[in-house]
Every structure is written in C-alpha cells, then in structure tokens.
Amino acid sequence: MQNTSPATATDFDVTSDWHVAAPYDFLRRLRHERPVFHSEHLDAYVLTRHEDVRAAYGDARRFSSEGSLTISRSLAGETRKVLGDHGSFLSSFVANVDPPTHTRLRRSVSRAFTPRAVTAMEERFRRLNEDLLDRVAPQGGGDFVAELGHVPSAKLSARFIGVPEEDEEFVKEHVKDWFMLFLSPQPPDRQLVLARSFLEYLDYVDKLVASRAAEPRDDFTSLMTGLIGTELSHREVVELISTILLGGNDTVPNQLGNSVLRLLREDAWPLAPELVQNAVEECMRIDGSSLGSFRYALTDIELHGVTIPEGSLVPLSTDSAAHDETVFPAPEEFDLGRGNSDAHMTFGYGIHFCVGAALARLQLRTALEVLGRRLPGLRLVPGQPLAYRKSIVGRGLPSLLVEW
C-alpha cells in the first residue's frame, strides 16, 4: 500500500507516514461517508464518529475489551514457541478485560492513584525536570525526545514502581521492545529478537515482585504485591507494573513531544501560566499520543446500516473522534481558547477511562510550566526532517531537534 495519500486513500495504510502524521482528510471522509468502515488492511470494522466511539466505550455487553489490547494474533509460530505461556501477555491487564474482572483489577490499582497520592508526586516530578534542565540547559540545544521529554517521566515512573535508579535504562529499552512486539506488527526475525528481550524483562519484573514480597517498601510494587492471594494474582501484578512503566517510558513522553512540537509550530511558546491547563487538553485533542483502542463484537451489531459480525475486531478511533467537527468546530485549528478541548478521549472513556489520567495530566502540565520558564527561547532546529514512528496505536516522535 505504498504511495497512498490521505486525500485518495481507500483504506488505512500503517506503512505510510500520513497514517500517524496527518490522516485527517481520510478520517473525515470516513466519518461523513462510511462511519462504520470495514478495513481490509486491518481486517476490522473501524468506528470514527465521536458519538459512536464514546458509545462503544460504554457498551461492554456488545463491545468487549477481552483480549483487545494486544495484536499477538500476528505473531509468527516460532515467536509463539519462544514466548510459551507468555504469548498472551496483557491478557489480565485492567484495560484488556471486561467486568467483573475489570472491576476487581481497577479497584486494586486505584489505591495507588488517590488524589492525595497524585498531588504528592507533583513536587517530585517538578524537581526531576528542574534537575534535568540544570544539566542540559547550558548545552544550548539537543534532541528534545532523547534529552528532555522522556527522562523525567521515565524516572518518575521508575520511582513510583520501585525500580532502582541503576536499572532505569534497562527498563526503558525493554519496555520499548515489548511495546513493539505486542502492539506493533513486526517481521518474524525481528519478533524473535523482541521476544527474547521481553522474556528477559519479564524475569526482571518477576524478581522485583519477589523482592518486595520479601521486603516491602513504600512503592507501587510493594502495595500491589501485598494484594497477591487476596485480590490479585502474581501475573496480574506483573502486568500492572509493566503497563505503568510503559506509560512513563512511552505514552506520556510521546504526548509531551507532540505537544511541544505543536506549540512551537503554532508560535505559542512559551505559554502564559493561565493557558497551560487548556493547552495540555488541546494538544492531546489535536495530536494525541494514543490513536485509539480495540474491541471485539460480542454479537452482530447493526450501526449506520452496516452489520458488524460477531467476533469482529472493532478499532475505536479516538484520533478521528477528536477531530469530529460535530463536536469540535474547525477541528484542524489549534485553539487555546477552545471550551471543550477536554472532550477528547485520548485517555479512553467510561469504565475504561485511564486510571493514571490525573497523573499524566499533572506531568504534562508541570513539564510545560518548567520548560517554558527555563527555556523561553526554545525553537525548532530549521530544516530537520520530522516524522512520527509508524504505529497502529500511538503517535510519537523518534527525534525532535531543538535549540534555545
């Protein structure tokens, strides 16, 4: 499907740059003409309208989350053999199950994300950003993604989980590998490399859980490990830890990079303090780091004159929903005064609204405040090629060269 464009495409094309960078002409045509779109490329029925995406999030009786998060069905036979029982990793993660299992898991993990606990992390995250800038600011420039955007979030997640500082780089690299293995299609030979990396990472998390069971500390791993045998299984704790580390090492930093690029391109840097909160929401709306979620149809579903057959994969395009002109007037315009920017569904919706959303928002808000104050002259290095990494589920920049 090479050489397609969003203006002429007849299907999704995850091999193209536009699929992540600028799919909106294509998504607009789908919303207007084929709001329930059967994609041969994805072998799925895609929902693109805001009202339909939101309704599907809230309808677990027809749209199941069970097994929807991974694309492990695309793994080659040799890869499955290497993974063994771990080929269905994330099968018991909270975003990948339906009630009542979902209710039990969410209740347990929510203990660590109380408003008081999230607020207490603000000063720690602010300090991480300040310390990083003390070291990096004298350079006068660098790669925002590698040197500024990812480091504080990854460190906060590591400290929250209880990962020792000396293991942070190991975790960062292995989290990236398991994301690519389970959430991004890879050729068979690459799958094997990623699978071995994943098993090494899984062994690390297993040992971390065991160490906290023997000697609890004041961290998330200890809190969750204390629930093994009563509320949670060992595997559930391992998967909770792994996905929270993914958020800190991938999702939140990607959103920060997307947001900074948008603000610089719109000549909106630095932000006035009173605009930061809405800027966070508008940036997530227009350049969300999550492109959507997946569901399976539990029965034949009739919608807009189309029958979604039972068992079909149903991608919920939150990226399209965030550009739905019936909800967001002039959706392609970046508007810091937009009154409903937070109606995006980058964090999901309903019972599957991200349990860490408040912490993610706090991180984005704090990072933009500190960066704007410390680097008011931040600007893009001219002439650099800008491209998002290719992905079915996420939007992120592999590099963003800046100077100040």
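The values are calculated or read from the model by the stated rules, or taken from the named source; none is laboratory data. Source: prediction; values computed, not measured. Backbone-built Cβ (ideal geometry, glycine too); neighbour counts: all protein chains shown. Ligands, DNA and RNA are excluded from the accessible area calculation, which covers all protein heavy atoms including side chains. Shrake-Rupley method; radii C 1.70, N 1.55, O 1.52, S 1.80 Å.
The alpha-carbon of Lys390 sits under 27 angstrom from the alpha-carbons of these lysines, leaving out residues fewer than 8 places away in its chain: Lys81, Lys155, Lys172, Lys176. Stretching Glu78 away from Glu122 to a fully extended chain increases their span by 11.4 nm, per 0.36 nm per residue minus the current alpha-carbon distance. Summarising the label geometry, the points placed 7 Å from Cα in the beta-carbon direction at Asp335 and Asp167 lie 4.8 nm from one another.
In order along segment 201-208, the phi-based Karplus estimate (6.51 cos²θ - 1.76 cosθ + 1.60, θ = phi - 60°) of 3J(HN,Hα) comes to 5, 4, 5, 4, 5, 4, 5, 5 Hz; Gly and Pro are listed as x. Normalised by the number of residues in the chain, the mean separation of alpha-carbon contacts (under 8 Å, six or more apart) gives a relative contact order of 26 percent. Would any residue of segment 156-200 have its amide N under 17 Å from a label point 7 Å out along Cα→Cβ of Gln139? List them or say none. What the label zone holds, given the 17 Å backbone N cut-off, is 169. Please identify, among Gly142, Gly394, Gly292, the residue showing maximal mean-square fluctuation in a Gaussian network model of the chain using a 10 angstrom Cα cutoff. Between Gly142, Gly394, Gly292, it is Gly142 that shows the largest mean-square fluctuation. Taken per residue, the accessible surface of the chain reaches 42 Å², heavy atoms only and a 1.4 Å probe.
Just from its helices, what would the mean residue ellipticity at 222 nm be for the chain, if runs of 4 or more DSSP H residues each count -39500 (n - 2.57) and the sum is divided by every residue, rounded to the nearest 500 deg cm²/dmol?
Calculated from helices alone, the mean residue ellipticity at 222 nm is -14000 deg cm²/dmol.
Expressed as a whole percent, the accessible area of the chain that falls on carbon and sulfur atoms is 52 (1.4 Å probe). The residue list Val20, Leu227, Leu375 was ranked by how far each Cα lies along the charge dipole of the chain toward its positive end, using unit charges on Cβ atoms, and Leu227 comes out on top.
At an R0 of 51 angstrom, the distance between the Cβ atoms of Ser211 and Ala7 translates into a FRET efficiency of 0.40.
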